[in-house]
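The values are calculated or read from the model by the stated rules, or taken from the named source; none is laboratory data. This is a predicted model, so every value here is computed, not measured. In this analysis, Cβ positions are derived from the backbone assuming ideal geometry, glycine residues included, and neighbour counts consider all displayed protein chains.
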Amino acid sequence: MLTNEGVIATFLDAGITRGFTLPGLGITWSLPAFHARRDEFDVVLARSEQSASVMAQVAGKMTGKPGLLMAQGPFATSTGAFGILEGYFSSSPMVVLTDTSCYDGFAQHGVYQTMTGDYGAADAFAVLKTMTKYATYATTPTEAVYGTQLAVKHAMTPRQGPAAVVMRTNVIKQEMPEHPRARLYDVEGHLRYTPPRPDREAVGRIADTLENAEHPVIIVGNGVYATRCGPTLQAYAERNGIAIASSYHGKGTIDETCDVATGMMGTWGSAAANRAVQAADVILVLGCSLGPEYTRFRDEKMIRPGEQTIIQVDHDPLNAGWVVPVDQAVTGDVGEVATLLNNTRPHDAALVAKRKEAIARIKTENDYGVLPVFPTRPGTMHYADIMRGLQGFLTGNDLLTLDAGTNRIWATTRLPLRHPNQLIAPGGIGGMGWSTPAATGAKVVAPDKRVTGVIGDGGFVMTMDAIATAAERGLDVVYVVANNAGLGMVRDNLGNQKIAVDFLDHDFAKVAEGLGGKGLTITEGDQMGDALREAHAMGGPVVIDAKVDPAASHRDCSDYATL
C-alpha cells in the first residue's frame, strides 16, 4: 500500500466520501489513489483553491462531517485560506490535505514553491497552525496516515473546526511499511468520544429562572444551527411566551414569522431583536459567543451584566462567560438542553399572554418583517425588491446562501425565514465572494434541494469560476447578483466621498453564458419573483443580473439608532 492509498482509505473509513480540489504537485500525486476508489469517493474539481475551500467548508457546515479540501501547499495556505478561515471562525468541520511542494529532496536548495520552512522556503505548517485547531507535518508514510486520522478526529470533536495534514511531498508515493514502529490502528477507535452531558439540575434551575421572569429572551447561535434544535426551542418558547433573538450564525434556525421571533440581533440586525434583548430581565444564551457585533459593540443598553440575569449554555466551557460575565454557565449540547427545557411544565397562562403582548408591541414598533418600497432611478431596483421576491419564493425545499456587504445585511435584517436551517451564510470572516462557491457546494452536498445564492457584483467577480464548476457537473443552481456597479457598503461608509468604490456595469448574464451557464437580466423590482421561478425552471447554473440602484443603502435597514 502506498501512502496516498492509506490516506484515502482513512477518509473512507471515517465516512468522508467527497473532496474538493484544484490539484497541484503533491495532490496531483495523490489523485491516482482517489481515482482508484472513484465508486466510493467523489473528487469535485473546482476552478480555484478559493472556491474549493469554500465548498469544503460549506460541506462541513451542512453535514457536521469534515469537508475535505485538497490543494497544493503554496495555494492551500494562500488562496485556499479563505474557506479555512471561515471554517475556523464559524466552527465548521474541515480537513485540509496539502503538501510541502519540495520536489523530492530539493527543499534546502530554494526550489520554487517550497513550503518546508527551510532557508529560502515558506512554511505551510506554520501558516496552517494559525488558522486550524490542529495541524501536523508528516514526514513518513505512517505519519501521513496517522496524522489524517487525528485530523478527522479534531475536526469533528467540539469545538469543531479545520484540521490540516501537511505531507512531505516525497512520502506521498512511498510504500507503507508492513510493520511500522508506531503501529497504525483502524480510524474508528480514534474517533469515539462521549459529548458532555448537561447537568439536569442546572437545566432545572434554568427552567425555574425563565418561569419566574417577566420578559425572558432566548438568544440562539451557531450551536442551535449545528444541532438542528431550532424547532424544539421554538415550541418551548411559543408555549411559554419567550422571545427568541438570534446571532448571525443562529439566524433562520426557527420560523422567523412565528409570534415569538424577533430576528437577528446586532449592529447589522433587526431593531426588534435588539429592543427585545434590551427589555429582557433574563437572557438564556444557547451556543452563541455574544461577540461584540451581536451586542452592537458593547452598547450599554444591550447586555447588562449585574442588572439582567444571564445564563449561557455551550458545549465548550471556555465559551461560557468568554465575552460577557454570566450568572449561570452550563456545559453541554444545546440540542439536549432544548429537549430538556421543552419537557418542563408550561408557564402561567396569564403571564404567557402578557409576555406575547410585549413581544408583539416591540415587533410592531420596530417594523419587524416590513419591506418598504423605495424609489429608484429608471432601469434599477432596490435590495428590498430582491428580498421581497425571495420572501414570496422560498419554500421548505430551498437553500439560500448569502455573501458579504449590503445584500447580506438586507437579508439578515428584513427577510424573515420560515423554514429552519435553510440559510447558509458566512459569519466567520464573512468575506466577499463566498456565496457563489457556497451555493455550488451546497448543491453538490444536497442535490435534492433547490439552491439560490445572493451575492453582490463585487463578490461575484471574485469567485465566478464556481459557475463553471456547476456547469461541468450539471448542477441546477441560481445565483442572484445584486449588481449596483460598485462596493455598496464601502460607498455608504465613505458618505459623499466616492473613493475606489465604483465599477463598470458588467453584463453578468453574458458572463454566465461564457462559463457554460445561462443568464437573465432584470431592471425592475416587480420582476424578481418571476425571474427566480424562470431561472430555476431553466436548469443548469443560471445567473440573474439584478440591476440595483447605486444609491440603495444598508443604512435603510440597519439598527444604527444609538451608534
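Side notes on the structure shown:
- Subset of region 169-193 [touching a residue at least 60 places away in the same chain (Cβ under 8 Å) and part of a helix (DSSP H, G or I)]: T169, N170, V171, E188, L191
- Enumeration of residues in region 357-384 that are on the phi < 0 side of the Ramachandran plot, surrounded by 14 or more Cβ atoms within 10 Å (Cβ to Cβ) and not in a helix (DSSP H, G or I): N366, Y368, L371, F374, T376, T380, M381, H382
- The selection criterion, being touching a strand residue (DSSP E or B) at 6+ places or on another chain (Cβ under 8 Å), surrounded by fewer than 23 Cβ atoms within 10 Å (Cβ to Cβ) and part of a loop (DSSP other than H, G, I, E, B), does not hold for M62.
- Residue within region 88-101 that is under 20 Å from A468 (Cα atoms), touching a residue at least 12 places away in the same chain (Cβ under 8 Å) and not basic (K, R) present: no
- When residues of region 222-242 are limited to those that are closer than 20 Å to G291 by Cα and of a type in the set (G, A, S), the one surrounded by the most Cβ atoms within 10 Å (Cβ to Cβ): G223
- Within region 129-145, one or more residues are modelled with pLDDT of 95 or more, within 21 Å of S91 (Cα to Cα) and touching a Leu at 6+ places or on another chain (Cβ under 6 Å).
- Taken over region 235-270, the criterion of being hydroxyl-bearing (S, T, Y) and either in contact with an Asp or Glu (Cβ under 8 Å, 6 or more places away or on another chain) or part of a strand (DSSP E or B) (or both) is satisfied by S246, Y248, T262, T267, S270.
- Residue match in region 40-54 (condition: surrounded by fewer than 18 Cβ atoms within 10 Å (Cβ to Cβ), without any contact (Cβ under 8 Å) to a residue 40 or more places away in the chain, aliphatic (A, V, I, L, M) and out of contact with any strand residue (DSSP E or B) (no Cβ under 7 Å at 6 or more places or on another chain)): no
- In region 469-478 there is at least one residue matching the filter, namely being within 17 Å of R388 (Cα to Cα) and surrounded by 24 or more Cβ atoms within 10 Å (Cβ to Cβ).
- Given (1) among the β-branched types (V, I, T); (2) more than 27 Å from D448 (Cβ to Cβ); (3) in contact with a Gly (Cβ under 6 Å, 6 or more places away or on another chain), number of the condition T521 does not satisfy: (3)
- Residues located in region 10-28, provided they are surrounded by fewer than 20 Cβ atoms within 10 Å (Cβ to Cβ) and either β-branched (V, I, T) or in a helix (DSSP H, G or I) (or both): L12, D13, T17, T28
- Positions within region 332-365 being closer than 27 Å to A271 by Cβ and either at pLDDT below 95 or within 25 Å of the chain's Cα centre (by Cα) (or both), in sequence order: V334, A338
- In this entry, V511 is excluded by the filter for residues that are over 27 Å from Q422 (Cα atoms), without any contact (Cβ under 8 Å) to a residue 40 or more places away in the chain and either within 25 Å of the chain's Cα centre (by Cα) or not in a loop (DSSP other than H, G, I, E, B) (or both).
- Among the residues of region 356-390, those identified as within 30 Å of A213 (Cα to Cα) and of a type in the set (A, V, I, L, M) are A358, I359, A360, I362, V370.
- Members of region 514-535 that are in a helix (DSSP H, G or I), surrounded by 18 or more Cβ atoms within 10 Å (Cβ to Cβ) and either not small (G, A, S) or not assigned by TED's automatic domain parsing to the domain that holds A471 (or both): Q527, M528, L532
- Residues of region 307-331 that are among the small types (G, A, S) and modelled with pLDDT of 95 or more: A329 alone.
- Test: residue in region 391-398 that is assigned to a loop (DSSP other than H, G, I, E, B), in the same structural domain as G529 (by TED's automatic domain parsing), within 13 Å of the chain's Cα centre (by Cα) and crowded, with 18+ Cβ neighbours inside 10 Å: no
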